[in-house]
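The values are calculated or read from the model by the stated rules, or taken from the named source; none is laboratory data. Computed from a predicted structure; not experimentally measured. Reconstructed Cβ throughout: ideal geometry from the backbone, glycine too, with neighbour counts over all protein chains shown.
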Amino acid sequence: MSPYDCGLMATPPIDRTAVVDRYFMEHRAKLIDLAAYLDRVERATPRGSASHDFRHDALVQAIAILLDGKPQRARRVLEHFSDPTSEPIAKAPMKGATGAYPGPPKDAAKGGAR
Amino acid sequence: MTYIDPHIHMVSRTTDDYERMRLAGCVAITEPAFWAGYDRSSAQGFYDYFKLLTEFEPRRAAQYGIRHHTWLCINPKEAEDPVFAREVLALIPSFLDRENVLGIGEIGLNKNSRNELTILEEHLQLAATHNLLVLVHTPHLEDKLKGTRLILDAIKNQGSLDPGRVLIDHVEEHTVRHVLDRGYWAGMTLYPDTKCTPQRAADIIEEFHGERLWINSAGDWGHSDPLAVPKCQIELRGRGHTEDLIRKISFDNPVKFLGQSGRFRV
């Protein structure tokens, strides 16, 4: 067991009602923002033949994690968006990141490295 | 309350930011070498940058009573070309005797490529050869978890670096345990959108007791906040945490880790 797994400070010093008092309005607003974003995407015209976007699909799938009643939601949502592979890629294709794992590239599917 | 921001890129910030940071309680900072938002066209560009980090910024910070320290490297975003990266690596030893240089950083990975990994390994060897502290950048967003694992393996494989002298930065909920369980220090970067918010950093501090943890703003040219550390202090205080814990996270822990360099001054 790790030294920080003894549970002494796993709960914040303030009680549950105080946590809700402190953060409810902020997260109520974020939830409505998320709902409005989903509506906005749905109302928008698809680009070309693309009916899905891997980033949006990943976000919608992650919502299920919020509702599964299990702990460590933040960690599990972050893991959901993460590249699950373990080997270095052959060459950096860009400098930035998209926020969600797009899946293996076509050359990897053919046996090549990413 | 007095605080240290152990990761901020003042080259991208104004002198007004130094003043505001001092007014908020900042007494010392450390500035890792990083990607300036564009690729430098020659190693000479890094030579000029290292001079700025070791000569100009300490003077600018001192005007506001802030001690400035730095870390040197070629960042992973510019490490895809190993020939170029090695030209920059060769410049670093001539700057290691500058009094505000704490170690090698922020090295690490960006897209988790083979060339990035090779240059990371060469930086680690440089740090081991000169017995220097190491500050490690972990990748962004979907690349962070995989990159953190690759980085931790690379450090382990290097073989002679003490985990207690290496800080793995930009941890989040899915990487912090990997870092702490292996004996390294962990940094939480407080960003408005990516990495940790002050609220999430406070959650992680509660879960991990604040041991071998620090917080930083990583303020730079992008969407970031040079006053993020005092804002996290306010968040912790608002939850009822003790002044001892707040001081530990924002002052004592940085002093403990950085003090191992023998050059860190408050």
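With the checklist (1) over 19 Å from the mean Cα position of the chain (by Cα); (2) among the aromatic types (Phe, Trp, Tyr); (3) within 23 Å of B:Val88 (Cβ to Cβ) in hand, flag the one item B:Phe50 doesn't pass.
(1)
Taking the criterion of being more than 21 Å from B:Trp185 (Cα to Cα), assigned to a loop (DSSP other than H, G, I, E, B) and aromatic (Phe, Trp, Tyr), would at least one residue in segment B:83-95 satisfy it?
Checking segment B:83-95: not a single residue is more than 21 Å from B:Trp185 (Cα to Cα), assigned to a loop (DSSP other than H, G, I, E, B) and aromatic (Phe, Trp, Tyr).
Of the numbered conditions (1) within 14 Å of chain B (Cβ to nearest Cβ); (2) surrounded by 11 or more Cβ atoms within 10 Å (Cβ to Cβ), A:Met94 satisfies every one except a single condition; which is it?
All conditions pass for A:Met94, except number (2).
When B:His209 is evaluated against the numbered criteria (1) surrounded by fewer than 22 Cβ atoms within 10 Å (Cβ to Cβ); (2) within 11 Å of chain A (Cβ to nearest Cβ); (3) touching a Lys or Arg at 6+ places or on another chain (Cβ under 7 Å), which criterion, by number, is the only one it fails?
Evaluating B:His209 over (1) surrounded by fewer than 22 Cβ atoms within 10 Å (Cβ to Cβ); (2) within 11 Å of chain A (Cβ to nearest Cβ); (3) touching a Lys or Arg at 6+ places or on another chain (Cβ under 7 Å) leaves (3) as the failure.
Restricting the search to segment B:142-182, which residues are touching a Pro at 6+ places or on another chain (Cβ under 9 Å) and free of Cβ contacts under 8 Å to residues at least 12 places away in the same chain?
Within segment B:142-182, B:Glu142 is the sole residue that qualifies.
Considering segment B:128-149 alone, what residues qualify as being within 14 Å of chain A (Cβ to nearest Cβ) and of a type in the set (Gly, Ala, Ser)?
B:Gly147
Any chance you could count how many residues in segment B:172-183 are within 11 Å of chain A (Cβ to nearest Cβ) and of a type in the set (A, V, I, L, M)?
Final tally of qualifying residues: 2.
Tell me which residues, restricted to segment A:42-65, are free of Cβ contacts under 8 Å to residues at least 24 places away in the same chain and surrounded by 13 or more Cβ atoms within 10 Å (Cβ to Cβ).
Of everything in segment A:42-65, those that are free of Cβ contacts under 8 Å to residues at least 24 places away in the same chain and surrounded by 13 or more Cβ atoms within 10 Å (Cβ to Cβ) turn out to be A:Asp53, A:His56, A:Gln61, A:Ala62, A:Ile65.
Where residues in segment B:104-127 are more than 13 Å from every other protein chain (Cβ to nearest Cβ), in a helix (DSSP H, G or I) and under 18 Å from the mean Cα position of the chain (by Cα), which of them is farthest from B:Ala85 (Cα to Cα)?
The selected residue is B:Ala127.
Mind listing whichever residues of segment A:34-81 are within 16 Å of the chain's Cα centre (by Cα), charged (D, E, K, R) and in a helix (DSSP H, G or I)?
A:Arg55, A:Asp57, A:Arg73, A:Arg75, A:Arg76, A:Glu79
Give the residue that is nearest to the other protein chains (Cβ to nearest Cβ), with candidates limited to residues of segment B:238-251 that are surrounded by fewer than 15 Cβ atoms within 10 Å (Cβ to Cβ) and closer than 15 Å to B:His209 by Cα.
Out of the qualifying residues, it is B:Gly240.
When both residues are 6+ apart or on different chains and their Cβ atoms are under 8 Å apart, which pairs have a first residue that lies in segment A:76-90 and is closer than 22 Å to A:Ala62 by Cβ and at pLDDT 95 or above, and a second that is part of a helix (DSSP H, G or I) and of a type in the set (S, T, N, Q)?
Listed pairs, sorted by first residue: A:His80/A:Gln61.
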